[in-house]
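The values are calculated or read from the model by the stated rules, or taken from the named source; none is laboratory data. Since this is a predicted model, take the numbers as computed values, not measurements. Neighbour counts are summed over all protein chains in view; Cβ atoms, including those assigned to glycine, are modelled from backbone coordinates with ideal geometry. With ligands, DNA and RNA removed, areas are computed over all heavy atoms of the protein, side chains included. Shrake-Rupley method; radii C 1.70, N 1.55, O 1.52, S 1.80 Å.
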Amino acid sequence: MNSSNRKTRARWARKIRPLFTVYLPLLPYVLFALFPLYFMLVTSLKSNAELYDVNAVPFWISRGLTGDHYALLSTDTPFWSWFANSLIVSVASTVISVILGVLAAYPLARLRFAGSASFGIAIFVTYLVPPSLLFLPLTTVVNWLGLSDTLWALIVVYPTFLVPFCTWLLMGYFRTVPKEIEECAMLDGCSRLQSMLRIMLPAAVPGVICAALFAFTLSWNEFLYSLVFVSPAELKTMTVGVFSELIRGDIYYWGALMAGATIGSLPIVVAYVFFLDYYVSGLTSGAIK
Amino acid sequence: MNMTHLFATYSFALGLQGGQIGQGAAVSLFLFPILLAVVFVQLRLVRKAALYE
């Protein structure tokens, strides 16, 4: 009786312990990270009367939910075309950059040719040059290409920071895949290209997904280039559209701004939730055990 | 007046909204030497990390 009692207590302690050592210490960070999202959601669902009442508590809704701000987005602004623009631009530039990134990262990680190290460093350096330094020269380039005020301008420009990023990330990942499996494939008669496409890529799927996910997030959040290169209201991406059409003069449409931000953050959430399992499971299952 | 500008916002205001692309470019290029120092340090760190691989 006594020993079983001790056993249940030990089991209970094992269950309760992570609560104090893991979850409680994590709680403040989680709250800190989630608070802006919560505030965004609450503000977007609040009626204007409560929103602009100085005496109302800003952290929750006490006078009823309203969908007015979302309705205003749909009726007064071309919000859904901004959404579509963001989606088109992000998906297109992500696909382009991941393909180019894979093609660039493979030789840099695997082949030894004259200047391979300096190519890697050059790519790293281009990644470190910020958009705020590049947007003025790029304006000239975009005008010269005749692409200004089209979505193509963004699809062409975003890879300038996405390709170095993807290349750098994939280079690191490709290096962790053992050389031996590729050597095996080549002994069996694979060419370099086949070995890259059939051996390296399947082994590096988590890395590729990770690169695509980050690239998508980066281009979805992009603000400066989108602000500079596209000015017609219906061609704007979401980040710029919400900012420029919902702040009129010194009037801030806070509810609608927050509603736009809430809808804007959904695709990222969906993308992460959808790919997270894939990503984590891929990470843990190595090619050679 | 323009006290709270960052380099990026100031060069945007000068170069694109003000139409003086040269001045805007000059402002944004002012970042370059600072950046160079940062890149130098980072490259050294990256190389050091690569040695241990």
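Structure notes:
- Segment A:19-41: number of residues that are within 18 Å of A:I268 (Cα to Cα) and surrounded by fewer than 10 Cβ atoms within 10 Å (Cβ to Cβ): 1
- Elements of type helices (runs of 4 or more DSSP H) in segment A:124-181, at least 3 residues being under 15 Å from A:L103 (Cα atoms), open to solvent by 40 Å² or more (accessible area, probe 1.4 Å) and modelled with pLDDT under 90: A:159-176
- Scanning segment A:230-277 for residues that are open to solvent by less than 20 Å² (accessible area, probe 1.4 Å) and assigned to a loop (DSSP other than H, G, I, E, B) returns A:V230, A:T237, A:L246.
- Complete set of residues in segment A:222-277 that are among the aromatic types (F, W, Y), farther than 19 Å from A:F35 by Cα, in contact with a Ser or Thr (Cβ under 7 Å, 6 or more places away or on another chain) and in contact (Cβ under 8 Å) with a residue 24 or more places away in the chain: A:F229
- In segment A:96-111, the count of residues that are open to solvent by 50 Å² or more (accessible area, probe 1.4 Å) and not in a helix (DSSP H, G or I) is one or more.
- Filter result (over 14 Å from A:L128 (Cα atoms) and either of a type in the set (V, I, T) or exposed (fewer than 11 other Cβ atoms within 10 Å of the Cβ) (or both)) within segment B:8-33: B:T9, B:Q17, B:G19, B:I21, B:G22, B:V27
- Residue-level check: of (1) within 10 Å of chain A (Cβ to nearest Cβ); (2) modelled with pLDDT of 85 or more; (3) open to solvent by less than 70 Å² (accessible area, probe 1.4 Å), B:L36 misses just (3).
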